[in-house]
Every structure is written in structure tokens, then in C-alpha cells.
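S.K.: To start, I am sharing the structure in question, which I have written as C-alpha cells.
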Ligand code: PAF
């Protein structure tokens, strides 16, 4: 069955009132790829009905970022949602989400200022603001976010805990191309040569993960060796960060135990991120 498409808050409220049983929600900015579709299938397994939002949120883009050129592919997205068994698509305009210039917005706090938040100041404030608005409008039982955006997922979990938002937040695994490149809506900006350079991100993570037994320094050294080569490629990878952090707080981790190795860099003007979970030190 084709999903019901709603564009206004009144239409959404009416469609929400018709939902029987539990509702799982996958917020997106569109330009859907297999990574989004796997979240939708996960949503399908988690609840009686599935809602998806498609909204390119201006608040989470900084000056000079790609808000204007962010791919908008609504017809293909709606088709893909239908194939993934989505029941309801909420596709608001900017005026529906922000009828007035917002005065009250969320502040992501210190955790939103490190790692990706340091590379993109204000990004997490805008992201959390729209996610909270969407959760308030859609009122799902469960909301599903991709693990590729590991800090985003951690920030949303923290917002839900700190603000007592009545929703269960679940992560969905990163989907990769056969050669390891993490799927991202921004991959479509890459030239063939740029895609070759971008592969260094997942290869660096893999090299880092293989060195995990030898501890944090070995992980960073192994990953940096791969990234160093990509920095000399044509086009080059300009590294934004390579960090080992705690998955919940994004504070640096150096001692034995679980950690997230997160990397971000730019190929031309395309900002790409990736991460892997690993276990530092020898297993006892
Ligand atoms: O991950 C995304 O696509 C966006 O950050 C989200 C969660 C839909 C909020 O705009």
C-alpha cells in the first residue's frame, strides 16, 4: 500500500489520530538510500505502523554549508518509502516547521561542542531542536536513527533522558558499499576520483579496529597512516578529526574497554563522517 503523504501539522494530527497500535518513526532529510531503507525496515519490525519525515532542516546547517544544494528528491523518496512498507510520510515545508523565526531553541551543551560539534558549530543545537519538534508532532513510541551519525544518536539519547521525552530511541547499523564506503546522502556529490579518496575513511577505521588489541595509540597510528596517504591523493582528504571517544558522552577514551573510533574529513567541499565501535586492549 502507498504511504499517506501529509504536509501540514493539521494533516499530520489527523493521520496520527488514525494510527492504531504502536508507531515507529524514522526522521530523515530525504535523498534516501539503502541506509535509510534499512532503518525503515527495522521500524517495520519494531511497531505496528511506520512514519517517516522528510525535511531538510535549515537550523542544522552552518553558514557556507550545503543547505541550498542538499539533494531534494521527493518523488523517488516517496517511492522508496512505499517499497519499505512506510505508512505515513510527513513532508513539511520550512513554513510549516518554522512559521516564525524561532525564539526558543535547544542548546546541545558541552557534548554538542566537541568532535563533530567543533567541526560544525551550532549543528547539534539545530538538529536537536528539529528532532524534538518532530517527536512532539509525530508522537512515536520508538524513534530510529542511524549509527553512522554516532554523535547525533548519542545527543538524541541524552536529550530524551535530560528532557524526559516519552520515546524509545534505537540505533540502526551503518550500511556500507561492498568496498566499505558508508552510505550517505552526500556521497552523490563525489566525483569518481573523490569517491576513491573518501574510501580512506572506512579503510582508516578498519585499520584502527585491527590494531585495537594494542591500545589507543596503536589505533590512532594505524588509522592515521591510511588518512595520511589520502591527504596526498587527488583530490585530497582534508581531515577534520580522528578521535577515540566514549559512545554515550563523546569524551576521549584511552584506556582498555569499549570505544568509538570516529573520523570526519572533507573531499572538496563534501563533509563525510564515519565511525566504528571497538574494544581497546586485550580481552581477559
Ligand atoms: O540525520 C538526519 O538526517 C538529520 O540530522 C535528522 C535526524 C533527520 C534531523 O534533521
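S.K.: List 123, 271, 277, 36 from most exposed to least, where exposure is judged by having the fewest other Cβ atoms within 10 Å.
M.R.: Fewest to most other Cβ atoms nearby, the residues stand as 277, 271, 123, 36.
S.K.: In addition: Defining a contact as two alpha carbons under 8 Å apart and six or more residues distant in sequence, what relative contact order in percent does the chain show?
M.R.: Working: 540 pairs, mean separation 47.4, N = 284.
The normalised contact order for the chain reaches 17 percent.
S.K.: Roughly how far apart, in whole Å, are the Cα centres of region 22-97 and region 157-194?
M.R.: Taking the Cα centre of region 157-194 as reference, the centre of region 22-97 is 12 Å away.
S.K.: I've got another one for you. Which order do the peptides 178-187, 158-167, 200-209, 62-71 come out in when sorted by mean C-beta neighbours inside 10 angstrom, highest first?
M.R.: Ranked from most to least packed, the peptides come out as 200-209, 178-187, 158-167, 62-71.
S.K.: Using every pair of alpha-carbon atoms in region 1-115, split the distances into 10 Å bins beginning at 0 and state the percent of pairs per bin, rounded to integers.
M.R.: 12, 39, 34, 14, 0
S.K.: Sticking with this structure for a sec: Taking the simple approach of a point 7 Å from Cα along Cα-to-Cβ for both residue 69 and residue 225, what is their distance in nm?
M.R.: 3.5 nm
S.K.: Report, in degrees rounded to the nearest 10, the 0 to 90 angle that the Cα long axis of helix 123-138 makes with the longest principal axis of the chain.
M.R.: 30 degrees
S.K.: Continuing with the same structure: For the chain, what does the equivalent ellipsoid look like in terms of its semi-axes, each the square root of 5 times an eigenvalue of the Cα gyration tensor, given largest first in whole Å? Before the final figure, lay out each step's value.
M.R.: Numbers: eigenvalues 212, 84, 69 Å².
The three semi-axes for the chain are 33, 21, 19 Å.
S.K.: Count the DSSP beta bridges whose two residues both fall in the chain, then state the antiparallel fraction as a percent rounded to the nearest 5.
M.R.: Roughly 50 percent of the beta bridges in the chain run antiparallel, per DSSP.
S.K.: Test of understanding: extend the Cα→C-beta vector of residue 119 to 7 Å, then name every residue of region 246-283 with backbone N under 11 Å from that spot.
M.R.: Output list for this probe position: 262-267, 270-275.
S.K.: Could you tell me how many degrees, from 0 to 90 and to the nearest 10, lie between the Cα long axis of helix 34-46 and the main elongation axis, the longest principal axis, of the Cα atoms of the chain?
M.R.: Between helix and principal axis, roughly 60 degrees.
S.K.: Whole Å is fine, so just give me how far the alpha carbon centre of region 202-236 lies from that of region 108-141.
M.R.: 29 Å
S.K.: Calculate for the chain the 222 nm mean residue ellipticity that helices alone would give, adding -39,500 (n - 2.57) per DSSP H run of length 4 or more and normalising by residue count, nearest 500 deg cm²/dmol.
M.R.: Numbers: 9 runs with 105 residues, N = 284.
Estimated from H runs of four or more residues: -11500 deg cm²/dmol.
S.K.: Say each of residue 162 and residue 279 gets a label point 7 Å from the Cα, pointing the same way as Cα to Cβ; how far apart are those two points in nm?
M.R.: Using points 7 Å along Cα→Cβ, the separation is 3.2 nm.
S.K.: Could you sort the peptides 234-242, 216-224 by per-residue average Cβ neighbour count (10 Å cutoff), highest mean leading? Present the calculation step by step, with values, prior to reporting the outcome.
M.R.: Working: 234-242: 16.8, 216-224: 18.4.
Per-residue mean Cβ counts within 10 Å order the peptides as 216-224, 234-242.
S.K.: Could I ask something else about it? From Cα pairs below 8 angstrom and at least 6 apart in sequence, can you work out the relative contact order of region 22-131, rounded to a whole percent?
M.R.: 30 percent
Bear in mind these aren't lab numbers, they're just calculated from the coordinates by the rules spelled out. Since the structure is predicted, the reported quantities are computational estimates derived from the model, not experimental observations. Every residue, glycine as well, gets a Cβ built from its backbone with ideal geometry; the counts of neighbours run over all protein chains shown.
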